[in-house]
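Every number in this text was worked out from the coordinates using simple rules, so none of it is lab data. Only a predicted model underlies this, so the values are computations on that prediction, with no experimental measurement involved. Counting neighbours? That spans all protein chains shown, and the Cβs are built from the backbone with ideal geometry, glycine included.
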């Protein structure tokens, strides 16, 4: 399929894997992600790739990627010809990185017209393969809840299928070679997206961040590297990729570290309920009140209120509002999705109005 | 001055001084873009750039170690071996002391190399193997010390794999 050339990107709101609100420990863990970085042998890495190299890498990878036998249809999007709105929507759905949307490397090289693309499992959105990001190939697999094992399984299947017809840059000492030496070796990044309002309200987040840093883990905001933690959403991921196998890294994160953070968050939530029940209940219902009555809402404000609402739903302090509505809204209040929903370009002020309208309409059936 | 394409005026001029040698390029904007050069923006075009390259340079892609230190990115697969000496301390810091790959290996490479004497071991030559095994043993000791037995079992598996993939013979003493 060719969504890249002016057509609408055929995504269904309900399909975003990371907002499915099911899966193991889904009261705290929204989603699990695995990313494999791969480069083709015989080509320079992206910083030294000429326009002709990039075009050739894109052609080769696209042909192989769309041929992979998968259970569902793979959609291809050429990002250099896609519209700004399409690129924004893909970023908001966590299918491409901000960097890939811009076509720029962290070093500042490149630009919007650089040949690059992404392949997406259209129905489930559990799989996205970026071509010509910082590395030639970035295979990303996503699962709701705490499910790194399942996510790794899918990423490995795709990796094995691609490797049958592509020669990867691999070195006996260094493993899979990547443009940035911080990814070399396994080229793998496990990442878990957590909802941590309890720890934030109890001012315990710094402790988690310090503990994570001591264990060589990165704590990042909602949209990854360099982004703020809006809506109390955090991503915790491994930084080490060399000298530990995929299984060892997975085990450390999934069995040793994340369960501790989950328990810590749950304990904070319990404490908030037992020691500050009325305060918490007030906070949650105030959030619901603003969401159902506001006439102007900024994106970050909406995200923070939805986070508080979600906490209330999970703790049973709010009755009647389904969790999936709060989740769907987390996505729909983002600028790109909002613009698409209203069908016309808007400035920031109009967006705030449209956002408040959309949230009020979605929550209207649950107003008490 | 005409660009090397012979069609357009050269507007982007680059001088690279490397190991005392001067290499000049005079290109039009189209050819400069094709060559992957930074052409700036229409408002502030790059018209002349002089780069003095210091330290070792990768023969395959021309990336210099100073360039890598500036951008944090390498230029091609060959850079890893070319800059091995400079990269090693950096890798140790970035990867909790890790200096050798442990884990997945491309399937086709594994099949093509197993059983052939030249293959030796995908995990590298004797020196590399010893380094990797030493690292794994250290990790094993730490895991046992911390009573992380599940993790210890996993590391033991990796040690067995590393030893297995070596064609015959007991593993060397660290």
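Placing a label point 7 Å from the Cα of residue A:41 along the Cα-to-Cβ line, the residues of the range A:151-195 whose backbone N sits under 14 Å from it are A:163-177. Peptides B:69-75, A:281-287, ordered by how many other C-beta atoms sit within 10 Å of their residues on average, highest first, read B:69-75, A:281-287. Comparing A:239, A:348, A:123 in a Gaussian network model of chain A, where Cα atoms under 10 Å apart are tied by springs, the biggest mean-square fluctuation is seen for A:348. Based on DSSP H segments of at least four residues, each scored -39500 (n - 2.57), chain A has a per-residue ellipticity at 222 nm of -13000 deg cm²/dmol. Taking only Cα atoms and a 10 Å spring cutoff, compute GNM fluctuations for chain A and point out the largest among A:80, A:327, A:293. Taking springs between Cα atoms under 10 Å, the residue moving most is A:293.
Taking max minus min of the alpha-carbon positions on each principal axis, chain A gives extents of 64, 47, 38 Å, largest first.
Counted over the protein assembly as shown, the DSSP beta bridges are approximately 90% antiparallel. When B:76, A:180 are arranged by Cβ crowding within 10 Å, least crowded first, meaning fewest neighbours, the order is A:180, B:76. Calculated FRET efficiency, residue A:83 to residue A:161, Cβ-Cβ distance, R0 = 25 Å: about 0.25 to the nearest 0.05. For chain A, the longest principal axis of the alpha carbon atoms and the long axis of helix A:258-293 meet at an angle near 60°. For peptide A:47-56, the mean count of partner chain Cβ atoms within 10 Å of a residue's Cβ comes to 4. Sorting the segments A:331-337, B:91-97, A:111-117 by their mean number of nearby beta carbons within 10 angstrom, highest to lowest, gives A:331-337, A:111-117, B:91-97. Any chance you could check the Cα centroid distance between the range A:90-122 and the range A:341-368 for me, in angstrom? Value for the Cα centre distance between the two parts: 28 Å.
Kindly express, to the nearest 10 degrees and within the range 0 to 90, the angle between helix A:148-163's C-alpha long axis and the longest C-alpha principal axis of chain A. The helix A:148-163 is inclined about 20 degrees to chain A.
Panel order for B:67, A:204, by other beta carbons found within 10 Å of each beta carbon, from fewest to most: A:204, B:67.
To the nearest µm²/s, what D does Stokes-Einstein give for the range A:200-348 at 4 °C and 1.567 mPa s, using the Kirkwood radius over alpha carbon pairs as Rh?
74 µm²/s
Largest mean-square fluctuation among A:222, A:190, A:174, in a Gaussian network model of chain A whose springs join Cα atoms under 10 Å apart, belongs to A:174. Among B:3, B:79, a tally of other beta-carbon atoms within 10 Å of each Cβ gives an order, fewest to most, of B:3, B:79. Per residue of peptide B:77-85, the mean number of Cβ atoms on other chains within 10 Å of the residue Cβ is 5.
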